[in-house]
Amino acid sequence: MTATATKTRTNVYLDTAMKKQAQAIFKQYGMGLSDAFNIFLSQSVMEQGIPFDVKIPNADTAKTIQDAREGKNMTKVSLDDLKKEIGA
């Protein structure tokens, strides 16, 4: 987008919780939701498509995602435990 680009307003319907989570991430970069959307759109135009792989999960991955959403097969792990596991 150039400095002389004409801007337009648009409405996008978003999941409320997802929006808040995304805003918290973008804030760490010093940008707002509009900035992030503009980056996504710029990359989409440059790539002539979605600028990342979009894949349908296989059956095992879909089952694991569903289990995680339902809290099944989950174990709490501390940061210290993870550090020990990787030898950090």
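Any read-out appearing in this document is the output of simple, stated calculations on the displayed coordinates, not a laboratory observation. The structure displayed is predicted, hence computed values, not measured ones. Quick reminder, even Gly has a Cβ in these numbers, built from the backbone with ideal geometry, and neighbours come from all protein chains shown.
Tabulated data for the structure shown
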| item | result |
| --- | --- |
| Rounded to 10°, Cα long-axis angle of helix 33-47 versus longest principal axis of the chain | 80 |
| Of the trypsin sites (Lys or Arg not before Pro) in the stretch 13-81, those whose Cβ has at most 16 other Cβ within 10 Å and which sit in DSSP loop | LYS55, LYS72, LYS76 |
| Point-charge dipole on Cβ atoms (K/R +1, D/E -1) for the chain, about Cα centre, debye to 20 | 320 |
| Chain lengthening between LYS63 and ASN11 when straightened (0.36 nm per residue, less Cα-Cα) | 15.3 nm |
| Extension gain (nm, one decimal) between LYS55 and THR4, 0.36 nm per residue minus Cα-Cα | 14.7 nm |
| Coil-residue chymotrypsin sites (Phe, Trp or Tyr not before Pro) of the chain, DSSP, other Cβ within 10 Å capped at 14 | TYR13, TYR29, PHE52 |
| In the chain, lysine pairs closer than 30 Å at Cα, eight or more apart or cross-chain | 26 |
| Identified option (computed P(r) over Cα pairs in 10 Å bins from 0, in percent; candidates [x] 12, 23, 34, 22, 8, 1; [y] 12, 23, 21, 15, 22, 7, 0; [z] 11, 23, 31, 22, 9, 4, 0) | [x] |
| Positive-pole candidate from VAL54, PHE40, LEU14, dipole of the chain, charges at beta carbon | LEU14 |
| Positive-end residue, the chain charge dipole about Cα centroid, Cβ charges, pick of TYR29, ALA88, THR4 | THR4 |
| Acute angle (nearest 10 degrees) that the helix 16-28 long axis makes with the longest principal axis of the chain, alpha-carbon atoms | 80 |
